[in-house]
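See structure below.
The values are calculated or read from the model by the stated rules, or taken from the named source; none is laboratory data. Because the structure is a prediction, the values reported are computed rather than measured. Cβ coordinates were reconstructed from backbone atoms using ideal geometry, including for glycine residues, and neighbour counts include every protein chain displayed.
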Ligand SMILES: *Cc1c(COP(=O)(O)O)cnc(C)c1O
């Protein structure tokens, strides 16, 4: 990497391609894949990620908002996009003009969309969301049939999908099964009413790994696309961790090396005290890059293929690490915060544990200051 980068993320496009292939093997052959690319493709960079996923055969994209959808359209036309978040009144016209599929939870949303669609002489494709236990978006299971029929009757709408979302995929298999049964019951009701929707979906990444795919024909993985298995006491299928490739590595550099005497305290708040003479390195990253402060005194980085503990508080632009056992560290050397160096690897899941959070928060917290550098198959 050119020395001009102080703190950067390397995104391996071949890993993304590989992970989508692995996903194909995890779902039934007739099941389509909606790759979820919200929050700048989980911090990987939306445009480059979307381009690669288009080339690699994703069926549909899932986004949180209009801006994300627009960025996908700039990369390539023709892919169906579902806005997973609720559509605000102020966003309706643009959502329709951009030809997005919209999530609907209630009759007011349906009416407003239909009115706007008629005014714009368009038809909006609608996925009805049902709340099977998350208490976030969605109507109650009891409302599905009547709301669905209203959607069918509205002139501006076309009802194309039904979906729900798991609330505790990583921690509570019994509740997942409750939610799945509620969803299957709804699918059966629809079928009995002669309603056959093109999209029926429930499974996020954890769902794909751990839950039966009965009745559905579309899955919505995010995490797995980027090579991250949701942390859980539930066991992932044997070999999956080896097949998936984490797509993102995160690096910085050694800015300064120095010695501190026994008794010296390190960084803000003086939370670390040297009980012996030490060699330390000052690194070119901090919480201003998204390297979370909660990992102060706990997280580790790789230098020369060795784990080096962080000493004291992480600061906005700099981190201080112990390099006492290492020989030959030089100013400018590469430091790995997430990824592999030599024989060692720090997985985003491990960094998340040090920060008492989940890998997805780590990835989506990497700030704009950190350039994303793309490696592997160049997207067209
Ligand atoms: C974010 C999201 C997903 C993807 O979740 P992962 O756990 O990353 O696979 C799927 N569905 C909905 C509704 C989401 O908001």
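Below is a table of values for the structure above.
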quantity: Meets criteria (in contact with a helix residue (DSSP H, G or I) (Cβ under 7 Å, 6 or more places away or on another chain) and either under 20 Å from residue 232 (Cβ atoms) or part of a strand (DSSP E or B) (or both)) for residue 166; calculated: yes
quantity: Residue list for region 203-247, filter: more than 14 Å from the ligand (Cβ to nearest atom), modelled with pLDDT of 95 or more and either over 24 Å from residue 337 (Cα atoms) or part of a strand (DSSP E or B) (or both); calculated: 212, 213, 214, 215, 217, 233, 239
quantity: Within region 41-67, considering residues that are part of a loop (DSSP other than H, G, I, E, B) and within 16 Å of the ligand (Cβ to nearest atom), the one farthest from the chain's Cα centre (by Cα); calculated: 59
quantity: Among the candidates 85, 133, residue that is modelled with pLDDT of 95 or more, part of a strand (DSSP E or B) and within 16 Å of the ligand (Cβ to nearest atom); calculated: 85
quantity: Enumeration of residues in region 183-200 that are within 18 Å of residue 135 (Cβ to Cβ) and either within 16 Å of the ligand (Cβ to nearest atom) or part of a loop (DSSP other than H, G, I, E, B) (or both); calculated: 183
quantity: Subset of region 56-86 [without any contact (Cβ under 8 Å) to a residue 24 or more places away in the chain and farther than 23 Å from residue 203 by Cβ]; calculated: 67, 77, 78
quantity: Qualifying residue in region 242-256 (condition: loosely packed, with under 14 Cβ neighbours inside 10 Å and without any contact (Cβ under 8 Å) to a residue 40 or more places away in the chain); calculated: yes
quantity: Scan of region 24-40 for residues that are farther than 16 Å from residue 11 by Cβ, part of a loop (DSSP other than H, G, I, E, B) and within 15 Å of the ligand (Cβ to nearest atom), ordered by number; calculated: 27, 31
quantity: Of all residues in region 155-177 being surrounded by fewer than 22 Cβ atoms within 10 Å (Cβ to Cβ) and under 22 Å from the mean Cα position of the chain (by Cα), the one that is farthest from residue 359 (Cα to Cα); calculated: 173
quantity: Number of the exception - residue 298 against (1) surrounded by 15 or more Cβ atoms within 10 Å (Cβ to Cβ); (2) in contact with a helix residue (DSSP H, G or I) (Cβ under 7 Å, 6 or more places away or on another chain); calculated: (1)
quantity: Matching residues, region 323-349, being surrounded by fewer than 19 Cβ atoms within 10 Å (Cβ to Cβ) and touching a helix residue (DSSP H, G or I) at 6+ places or on another chain (Cβ under 9 Å); calculated: 347, 349
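Results for (1) crowded, with 19+ Cβ neighbours inside 10 Å; (2) touching a residue at least 40 places away in the same chain (Cβ under 8 Å), shown as yes or no for each residue.
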position: 88; (1), (2): no, no
position: 93; (1), (2): no, no
position: 97; (1), (2): no, no
position: 104; (1), (2): yes, yes
position: 121; (1), (2): no, no
position: 137; (1), (2): yes, yes
position: 150; (1), (2): no, yes
